[in-house]
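Enquirer: There's a structure below that I have some questions on.
Read-outs throughout are calculated quantities, based only on the coordinates presented, and are distinct from any laboratory measurement. Predicted model, so just to flag it, every value in this text is computed and none were measured. Neighbour counts run over all protein chains shown; Cβ positions are idealised from the backbone, glycine included.
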Amino acid sequence: MESRRDFLKTAATGALVLGSQRKLGLAATLDQHAQTGKSKVVMARDASLHGTGAQPDEKRVLDLLDRAIAAYTGHDNPVEAWKHILRADKVIGLKVNGLGGKGVSTHLSLILAICERLQQAGIKPGNIVIWDRNARDLVSCGLTISTDPSRIRCYGNDVAGYEEQPVTWGATSVKLARILSRECDMVIGLPILKDHSMSGVTFAMKNMYGVVERPQGLHPGGCNPGVADLNCIPAVRDKVRFTIGDAMTSVYDGGPGFHPERLWQPNALIVGEDRVAVDHTAWQMLERKRAEMGLPTFEAAGRPPRYIATAADAAHRLGTNDPQRIHLMEV
Amino acid sequence: MKYCLNWKWAVAALVMVAAVAGTGCKKKGADPFPASGAVADWQKSSETRVFAAKDLWQYIDGDAEQYISAGVVSTSTSDYKYKGELEATADVYTMGDATGARKILESGQSSDAKAVQLGDAGVAYAQSVIFRKGSHLVRIVAYESEPDAQQALLALAHGVEAKL
């Protein structure tokens with residue numbers, strides 16, 4: 001019997017099969033608080049997640065994921081909970097983040113736990129696409145490249161390429177990754193929480209820099225309005241419907257690269273549909289850690305994450321950054 | 001006689017140009033990373049990759065700007081393994097001048113930095129070593145916390161320093 005780790009470890013080659021555009025995979029609006037005008041964000045923690053090792057315990061990660069999803073959906077049975085998030089006939093993309101290298105990338109244990117639950121909820125292995133910018137980023141997450149359509153697929157934009165025609169929103173014009181534009185019906189963002197030398201914080205919305213050809217062009221102005229504009233592009237706004245944010249390990253300063261001297265283990269997942277509310281919650285978490293370590297606020301450090309407020313403004317309307325309108329559940 | 005002198009000057013000039021060009025090529029093409037076994041217990045576990053300043057975002061998107069503003073010219077990187085287990089990455093940033101290397105080194109230090117004798121200046125942490133030598137800034141990072149990681153990283157750092 002293959003273990004969760006094994007089934008992704010086997011390298012495979014094969015033709016890349018691009019699917020056609022389909023309707024979104026999100027089964028229904030999950031957020032029961034939508035009717036009250038609040039965005040739900042779940043922060044699930046496990047203080048013993050890492051034990052004595054550098055990597056989190058796989059079993060505890062699966063339990064933490066189940067707890068987060070159960071709290072978010074209101075369904076205790078994890079498979080039933082996932083069935084309320086997804087439709088089985090859809091192609092689901094998992095946009096991971098391996099930019100920071102081996103030390104601070106989306107954890108393999110989280111990716112495998114999600115893949116396990118997706119399959120149990122009826123998603124065929126070939127309808128799951130794990131992706132990031134390139135092979136290096138995916139390998140940093142501990143993944144193996146595979147384009148075999150009968151298995152869980154895992155490859156980067158360096159394999160699938162980008163659209164030839166740019167798309168524009170506001171001041172931002174980009175060429176989208178074909179994995180997003182052509183292949184996936186729904187994308188779950190799996191960012192990892194990090195300090196960022198320019199934008200202050202990188203998490204749910206900033207993770208989308210990995211779905212465009214030349215993200216460096218979106219960095220001026222502390223990534224503002226680049227992050228907000230990019231997330232307003234229809235394919236990003238409509239397909240990236242859910243975030244399971246990896247805050248199990250983080251860098252609270254010196255990011256987005258790996259700085260072990262500033263490494264921190266919050267042992268948490270931050271989950272939600274409202275990407276702005278998720279980022280606001282993550283930002284506050286980083287601010288608290290920086291204060292604890294005697295570091296200045298992001299504002300004082302000259303890199304406040306202004307893109308979060310921009311994403312919530314009347315022009316973008318991607319979500320809310322108003323704490324009064326965020327229902328934060330800590331479990 | 002006049003033609004003879006001109007001929008000799010021409011040969012001398014060619015020899016000098018060839019010598020300078022040869023030296024330049026050697027430095028430019030030199031790999032700054034020690035080969036496997038050159039530093040005890042360290043294996044070079046990847047090819048050396050080199051990024052020009054304009055392509056640095058491909059390696060460290062988001063971090064690239066601070067190096068570009070400090071005048072980075074090129075970046076070389078290689079992975080290593082210590083005793084077959086501890087994984088590490090060594091980066092050599094070649095700046096336009098020593099000022100750029102100093103700027104990066106001094107801007108990134110935290111209070112637990114321990115000064116070490118490496119190059120022109122250097123600091124060490126439990127899992128990383130950073131130093132500058134001339135226009136080079138070197139950063140070596142280990143991905144696991146091991147009791148002997150710092151000493152091992154320092155040994156590798158000395159190996160890199162000797163090649164700069």
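Enquirer: Grab the other residues whose beta carbon is less than 14 angstrom from that of A:Gly217, score K and R as +1, D and E as -1, and report the net.
Expert: -2
Enquirer: P(r) of chain A in 20 Å steps, Cα pairs, percent per bin?
Expert: Final binned percentages: 34, 62, 4.
Enquirer: Around A:Ile326, with a cut-off of 9 angstrom between Cβ atoms, what is the net charge of the other residues, counting Lys and Arg +1 and Asp and Glu -1?
Expert: On the way: positive: A:Lys38, A:Lys40, A:Arg325; negative: A:Asp274, A:Asp322.
Around A:Ile326, the charge tally is +1.
Enquirer: For segment A:85-217, what is the number of Lys pairs with C-alpha distance below 23 angstrom, counting only pairs 8 or more positions apart or on separate chains?
Expert: So the count works out to 9.
Enquirer: Residue by residue through segment A:255-268, which ³J(HN,Hα) values in whole Hz follow from phi under the Karplus form 6.51 cos²θ - 1.76 cosθ + 1.60 (θ = phi - 60°), with glycine and proline marked x?
Expert: Result, ordered by residue: x, x, x, 7, 10, x, 6, 10, 7, 8, 10, x, 6, 9 Hz.
Enquirer: Whole-Hz ³J(HN,Hα) for each residue in segment B:138-153, computed from phi via Karplus 6.51 cos²θ - 1.76 cosθ + 1.60 with θ = phi - 60°, x for glycine and proline: what do you get?
Expert: 10, 10, 10, 10, 9, 9, 10, 9, 10, x, 9, 4, 5, 5, 5, 5
Enquirer: Among A:Pro323, A:Gly222, A:Pro166, whose Cα lies farthest out toward the positive end of the dipole of chain A, if unit charges sit on the beta carbon of Lys, Arg (+1) and Asp, Glu (-1)?
Expert: The residue sitting most towards the positive pole is A:Pro166.
Enquirer: Between A:Asp89 and B:Gln43, take the C-beta separation as r, use R0 = 56 Å, and let me know the FRET efficiency to the nearest 0.05.
Expert: So the FRET efficiency works out to roughly 0.75.
Enquirer: While we're here: Going Cα to Cα from B:Lys83, which aspartates and glutamates come in below 14 Å? Please leave out same-chain ones fewer than 8 positions away.
Expert: Within reach: B:Asp41, B:Glu144, B:Glu146, B:Asp148.
Enquirer: Okay, next question. Through the Karplus equation 6.51 cos²θ - 1.76 cosθ + 1.60, θ set to phi - 60°, convert the phi angles of segment B:53-69 into ³J(HN,Hα) values in whole Hz; use x for Gly and Pro.
Expert: 3J(HN,Hα) across segment B:53-69, in whole Hz: 3, 5, 9, 4, 4, 5, 9, 10, 4, x, 8, 4, 4, 5, 6, 5, 5.
Enquirer: A follow-up question, please. So how far, in whole Å, is the C-alpha centre of segment A:218-256 from the one of segment B:96-148?
Expert: Segment A:218-256 and segment B:96-148 have Cα centres separated by 30 Å.
Enquirer: Quick one: which residues, 5 or more positions from A:Leu328 or on another chain, have an amide H under 5 Å from its amide H? H modelled 1.01 Å from N in the peptide plane, none for Pro or chain starts.
Expert: Correct list: A:Val41.
Enquirer: Where Lys and Arg each count +1 and Asp and Glu each count -1, what net charge lies around B:Tyr67 among other residues with Cβ under 11 Å from its Cβ?
Expert: Details: positive: B:Lys103, B:Arg139; negative: B:Asp63, B:Glu65, B:Asp91.
Surrounding charge for B:Tyr67 is -1.
Enquirer: Using a Förster distance of 41 Å, how high is the FRET efficiency between B:Lys81 and A:Glu292, based on the Cβ-Cβ distance and rounded to 0.05? Don't skip to the answer; put the middle values down first.
Expert: Values: r = 34 Å, r/R0 = 0.84.
With a Förster radius of 41 Å, E is 0.75.
Enquirer: Give the long-range amide H neighbours of A:Tyr162: residues separated by 5 or more places, or on another chain, with amide H under 5 Å away, using H modelled in the peptide plane at 1.01 Å from N.
Expert: Amide H neighbours of A:Tyr162, under 5 Å, 5+ apart: A:Arg178.
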